[in-house]
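S.K.: Mind having a look at this structure? Questions to follow.
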Amino acid sequence: MLRQDIPVVLAIVAVSAAAFVVVNLIVDLLYPALDPRIAHMPKVS
C-alpha cells in the first residue's frame, strides 16, 4: 500500500521545488523594479 504513495510524494516534491524556483526567479527579476537602489550598475574602476 505504501508503494503507491511514492509517485505522489515525488510529484509533490517536484512541483514544490519547481514552484520555489519560479517564485524566486520572479522575485529576483522584479526586485530591482520595486527598489531602484538594488539595480545593477556597472562598476567604475
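S.K.: For the structure I just gave you, tell me whether residue 18 is small (Gly, Ala, Ser), modelled with pLDDT under 95 and part of a helix (DSSP H, G or I).
M.R.: On the way: small (Gly, Ala, Ser): yes; modelled with pLDDT under 95: no; part of a helix (DSSP H, G or I): yes.
Considered against the rule, which asks whether it is small (Gly, Ala, Ser), modelled with pLDDT under 95 and part of a helix (DSSP H, G or I), residue 18 comes out as no.
S.K.: Cβ-Cβ below 9 Å, separation at least six or inter-chain, first residue in segment 2-13 and among the acidic types (Asp, Glu), second part of a helix (DSSP H, G or I): which pairs?
M.R.: Sorted first by the residue in segment 2-13, then by its partner, the list stays empty.
The values are calculated or read from the model by the stated rules, or taken from the named source; none is laboratory data. These numbers come from a predicted model, not from an experiment. Ideal geometry is used to build each Cβ from the backbone, glycine not excepted, and the neighbour counts take in all protein chains shown.
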